[in-house]
Protein chains: 4
Amino acid sequence: MDVAVIGQGQMGSGMARQLLKAGHRVTVYNRSRERAQALEADGARVAATLGEAAATATVAITMLADDEAVESAVLGPDGLLQALPAGGIHLAMSTISVALCRRLAAAHAGRGQVMVAAPVFGRPQAAASGQLFILAAGPGDAVARSGPLLEAMGQRTFPLGEDPAAAAVTKLAGNFLIGAMIEGLGESVALVRKHGLSASAFIDILTSTLFAAPVYKGYGAMIAEQRYQPPGFRLPLGLKDLRLVLAAADAAQVPMPLASLVRDQTMSAMGRGHGELDWAALAEVAAENAGLPMPER
Amino acid sequence: MDVAVIGQGQMGSGMARQLLKAGHRVTVYNRSRERAQALEADGARVAATLGEAAATATVAITMLADDEAVESAVLGPDGLLQALPAGGIHLAMSTISVALCRRLAAAHAGRGQVMVAAPVFGRPQAAASGQLFILAAGPGDAVARSGPLLEAMGQRTFPLGEDPAAAAVTKLAGNFLIGAMIEGLGESVALVRKHGLSASAFIDILTSTLFAAPVYKGYGAMIAEQRYQPPGFRLPLGLKDLRLVLAAADAAQVPMPLASLVRDQTMSAMGRGHGELDWAALAEVAAENAGLPMPER
Amino acid sequence: MDVAVIGQGQMGSGMARQLLKAGHRVTVYNRSRERAQALEADGARVAATLGEAAATATVAITMLADDEAVESAVLGPDGLLQALPAGGIHLAMSTISVALCRRLAAAHAGRGQVMVAAPVFGRPQAAASGQLFILAAGPGDAVARSGPLLEAMGQRTFPLGEDPAAAAVTKLAGNFLIGAMIEGLGESVALVRKHGLSASAFIDILTSTLFAAPVYKGYGAMIAEQRYQPPGFRLPLGLKDLRLVLAAADAAQVPMPLASLVRDQTMSAMGRGHGELDWAALAEVAAENAGLPMPER
Amino acid sequence: MDVAVIGQGQMGSGMARQLLKAGHRVTVYNRSRERAQALEADGARVAATLGEAAATATVAITMLADDEAVESAVLGPDGLLQALPAGGIHLAMSTISVALCRRLAAAHAGRGQVMVAAPVFGRPQAAASGQLFILAAGPGDAVARSGPLLEAMGQRTFPLGEDPAAAAVTKLAGNFLIGAMIEGLGESVALVRKHGLSASAFIDILTSTLFAAPVYKGYGAMIAEQRYQPPGFRLPLGLKDLRLVLAAADAAQVPMPLASLVRDQTMSAMGRGHGELDWAALAEVAAENAGLPMPER
């Protein structure tokens, strides 16, 4: 299939490589061109403009940093709305707000294009190995036509019906739960450390018993070792997602005090200078408040 | 081995049966005698008094509702401190405060007895099938001598060193994380429901991807189906544990805002009349606050 | 002076009457015309359109429900931007977001008009008696020219410099503190009531000692008597203001956990069916969570 | 009247001086004797032991740091229970837990003594000038007999009925509201500062309008100027009081999320090294989380 992949960050480039491996014709585009050129060796065509990338695509994938970037990639001059051929599919795979999701789906429909929201669970390593979990929502035939691409990028796709917003809400709810988990681990690790126990032994017990899930293991290890670099997913991205969760909650009138707490603690972590670290460094707020500062390196 | 099992609630009776199955000589005691007599058919001896149960025991297990019950079983008239033979082991398996744990261990030591704290992760079903996870801390040889019993009751034992308090802290930290998980699930389920999505489908996705842990599956299903009866672990017990977590945090000067939130929401659930339901009904606070009351049955 | 007053709710109509009393020529406009016509007896001219009201005004006052209403009154067709004469002053007196405040000030400047932000502290009664406190920020000469109007409407004006956003931030911070006070009173009243004390006696002590401020007296009495009708300021308006506070906090990266709490509790009060009541009914959330429901009337 | 004043901290010594000024015969006692001897110049008799101070007293006042100190002063060897003559009044004026208040009242009653709980609102300066507000609860005639003393120490006494616990609950609820106010001021000051406004001007507006109460002025000035020394009431005392509030709330099953927040933030302020500062330094948590650290001095 002819695929354009817009956005060549850690996630997008891994996904593009998986598509190439699966035999698709992939054109990549990135605002700073070097990141795109890195894919040439893998067989990707590098487009000079977003419009050029989209012009020949059956499916255009966006994997971008935030709402602003996706909005501009779709609605901006030379954006997907203008450039994608009629009948083309916009596979929106980054985490975006529910409101933008709705707005873009309507805009595409007005141009005879189709938007499928397909956000993912998984960090860069999962993208690089085709092990993402994909939440797909949009018109049934478009989801079906996207099937071979989704299979190349993920280990499993969860269909969520015709309304793209369903995928956005589900993805945001999942990210909220990751943030809640980090806060919980941060507080409990501070507790056991101040009682003289080993944080690593504690995480080991948790993840061998009640919480034997990879996400607990991964974040738990980072927190126990206070090792937040290199970041797989930086604090400001966590803050951005919590903002989107709370916006979705506000729109539907759902008080989420735990989401508020995670948002506030994430912002506090940034205010205290941890903005360059992985979201797991949210745990440092609990540690510092308990008088357990991060050791100098 | 000669074992006394003090406390024949849902947990204690399951554990006693596993010990009987493994060939140990088990004497059971319960304040209201009928619950103890239910074990006779399985081969248990029923003691008329706690002191009688303890008098011939090599190991006396306590599995009781709260600190008050354990304190009275040990320090009260006719309690373990008086009745347990010198050299006997008190295997304290219910969830108790860090402070009481320390106090009882010292009291036993003063009488030539040994206390091993051995709280467990697992609900009644796990107790009934010998699938508990056990956190064991206390003098090394006493833990070793208790080995055959721990093996009969649990699928795995995690040794936590010589200080019984270490097991108490770890257990409490784990229960806090369960409460935090329930709150997180409650809020996120309210969010997806108000956006028109299926709560069950949402839980299914979560527990097939990021949070593929049994505890998420079990609680997630209860919350998605708003099915909180019969209770495996009632709300007031959750509240009790959160109190103990916060007491341990206070003693070590560790601010735990998420623990505070879970405590307050659990108390709110009780204030709104859900006190007879499973702790999972904590999720109803988020639902009701979002204008999603529990359907009449 | 020739003044247009756009918005004839409880606040706007009281302010218009004070301006008339002070001898100004006042033209009033309201979307639903009846509310405006009520002012004719006091000597106001009633405009059929917003544009007509603004066309002859030296100063146009807006006192509207929310950002959307103000934005449309300024930027919409037949809005102030088009209708207000060059050199005219837009005195923006309702509570608006910091972002909108900045945006409108720039838009007016681009048309040779001037915006002065002049939000107020005070409930409808204070508006009706010219006892508002006014926070005024904008170009110095425009503030000075507005002086006679501000004096007619308020008991005191606080100048906050040239940047209109300063008045918006200050007003929002003040409203946040009112919400925080209500939450504090709600929780403490629930506490004393459950300990068998009289809520009214408690409020009386507080407001005779530490908290001898009118705002504590007014809200305290409503909460002690659980009397939330007729509403002076409805819950959804409180929610709206908390949203604006948190947006201003987010823009400046300031975690405000207490603001988050007040927002969440206000939303909960609405989810539980109190949306038609005064913001003071936020206190019912604490009461209900403590098992103290509002008595039937 | 013959009065013993037990505890000669900043509060107790000011109160003793007012009693001397009013012509009462005052015997003072303090664990470290120097503080007591400072009162000799004012005409106080200094007792070598607590028992000696109480032995000749009609009324014994306790003004001590915490529950432990008061409990030991009453129930300890040579304590009030033994030393105070039958018919004597124990005027318990420091802030103590509701539970201890109940326990001590019963103990005194068992010895033919009377306890009146009479906690106060006011900082050391108010104690030194006889301007305290006093909450008095206990048997009516004992309150009446204490009247001349209460008048000498305070500007007004609020009678709260026969149950001493009523005074304890009311006092704790008031201190909770002070903590809530500090947190609110801390967050709002951080907000206005990050928007480039003057914190002092902001506090000035607040306390000239909505919140024209001395307690807002006093704490507001400290926060605006980030001046937390010398402490009038140190952070650990604030933490202690919040603990007592939450214990009273727990006993009556009242969720108080704002009290939880203030407790957690106060503990965080201590964890970050502000334990020697005034409780107002709680505001530094909000400031630091917003990236506004306290300037070096």
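Every read-out reported here was derived from the displayed coordinates using simple, explicitly stated rules and does not represent laboratory data. Just so we're clear, the structure is a prediction, and the values are computed from it rather than from any experiment. All Cβ positions, glycine included, derive from the backbone under ideal geometry; neighbour counts span all protein chains shown.
Which ones in the stretch D:187-204 are farther than 11 Å from residue D:290 by Cα and either surrounded by fewer than 24 Cβ atoms within 10 Å (Cβ to Cβ) or touching a residue at least 60 places away in the same chain (Cβ under 8 Å) (or both)?
D:195, D:196, D:197, D:198, D:199, D:200, D:201, D:204
Kindly establish whether residue D:210 is closer than 19 Å to residue C:183 by Cα and either among the aliphatic types (A, V, I, L, M) or surrounded by fewer than 20 Cβ atoms within 10 Å (Cβ to Cβ) (or both).
It is true that residue D:210 is closer than 19 Å to residue C:183 by Cα and either among the aliphatic types (A, V, I, L, M) or surrounded by fewer than 20 Cβ atoms within 10 Å (Cβ to Cβ) (or both).
Could you go through the stretch A:8-18 and let me know if any residue there is small (Gly, Ala, Ser), farther than 26 Å from residue A:240 by Cβ and crowded, with 18+ Cβ neighbours inside 10 Å.
At the first step, the residues of the stretch A:8-18 found to be small (Gly, Ala, Ser) are A:9, A:12-14, A:16.
Right, trim to farther than 26 Å from residue A:240 by Cβ and you get none.
Scanning the stretch A:8-18 turns up no residue that is small (Gly, Ala, Ser), farther than 26 Å from residue A:240 by Cβ and crowded, with 18+ Cβ neighbours inside 10 Å.
Out of (1) away from chain C (no Cβ under 12 Å); (2) surrounded by 24 or more Cβ atoms within 10 Å (Cβ to Cβ), what's the single condition that is false for residue A:266?
Residue A:266 satisfies every listed condition except (1).
Taking only the stretch B:105-140 into account, find how many residues are away from every other protein chain (no Cβ under 13 Å) and over 12 Å from residue B:170 (Cα atoms).
Going through the stretch B:105-140 one residue at a time, the tally reaches 21.
Looking at the stretch B:93-104, which of its residues are within 14 Å of chain A (Cβ to nearest Cβ), within 18 Å of residue B:239 (Cα to Cα) and not β-branched (Val, Ile, Thr)?
Those that are within 14 Å of chain A (Cβ to nearest Cβ), within 18 Å of residue B:239 (Cα to Cα) and not β-branched (Val, Ile, Thr): B:97, B:99.
For the stretch D:192-219, which positions are touching a Ser or Thr at 6+ places or on another chain (Cβ under 9 Å) and more than 11 Å from chain C (Cβ to nearest Cβ)?
none
Pick from B:276, B:284, B:288, B:225: which is among the acidic types (Asp, Glu), in contact with a His (Cβ under 8 Å, 6 or more places away or on another chain) and either surrounded by 18 or more Cβ atoms within 10 Å (Cβ to Cβ) or in contact (Cβ under 8 Å) with a residue 12 or more places away in the chain (or both)?
Working: B:276 fails: in contact with a His (Cβ under 8 Å, 6 or more places away or on another chain); B:288 fails: in contact with a His (Cβ under 8 Å, 6 or more places away or on another chain); B:225 fails: in contact with a His (Cβ under 8 Å, 6 or more places away or on another chain).
The unique qualifying residue is B:284.
What residue, among those in the stretch A:240-256 that are out of contact with any Gly (no Cβ under 8 Å at 6 or more places or on another chain) and either surrounded by fewer than 23 Cβ atoms within 10 Å (Cβ to Cβ) or of a type in the set (D, E, K, R) (or both), is nearest to the other protein chains (Cβ to nearest Cβ)?
A:252
Search the stretch D:88-115 for residues that are under 18 Å from residue D:4 (Cβ atoms) and pair each with any residue that is in a strand (DSSP E or B) and of a type in the set (Ser, Thr, Tyr) when their beta-carbon atoms are under 8 Å apart and the residues are at least 6 apart or on different chains.
If the second residue must be in a strand (DSSP E or B) and of a type in the set (Ser, Thr, Tyr), the pairs left are D:90/D:62; D:91/D:62; D:92/D:62; D:93/D:62; D:94/D:62.
For the list (1) surrounded by 23 or more Cβ atoms within 10 Å (Cβ to Cβ); (2) without any contact (Cβ under 8 Å) to a residue 40 or more places away in the chain; (3) under 25 Å from residue B:130 (Cα atoms), I need the number of the one condition that residue B:23 fails.
Failed condition: (1).
Can you confirm whether the stretch B:220-237 contains a residue that is more than 22 Å from residue C:290 (Cβ to Cβ), at the interface with another protein chain (Cβ under 8 Å from one of its Cβ atoms) and not aromatic (Phe, Trp, Tyr)?
Within the stretch B:220-237, not a single residue is more than 22 Å from residue C:290 (Cβ to Cβ), at the interface with another protein chain (Cβ under 8 Å from one of its Cβ atoms) and not aromatic (Phe, Trp, Tyr).
Out of the residues in the stretch C:141-184 that are in contact with a Ser or Thr (Cβ under 8 Å, 6 or more places away or on another chain) and part of a strand (DSSP E or B), state the one that is farthest from the other protein chains (Cβ to nearest Cβ).
C:156
For the stretch D:205-222, name all the residues that are without any contact (Cβ under 8 Å) to a residue 24 or more places away in the chain and of a type outside the set (Phe, Trp, Tyr). Before the answer, list the steps.
Kept after step one, since they are without any contact (Cβ under 8 Å) to a residue 24 or more places away in the chain, are these residues of the stretch D:205-222: D:205-214, D:217, D:221.
D:205, D:206, D:207, D:208, D:209, D:210, D:212, D:213, D:214, D:217, D:221 - these are the residues of the stretch D:205-222 that are without any contact (Cβ under 8 Å) to a residue 24 or more places away in the chain and of a type outside the set (Phe, Trp, Tyr).
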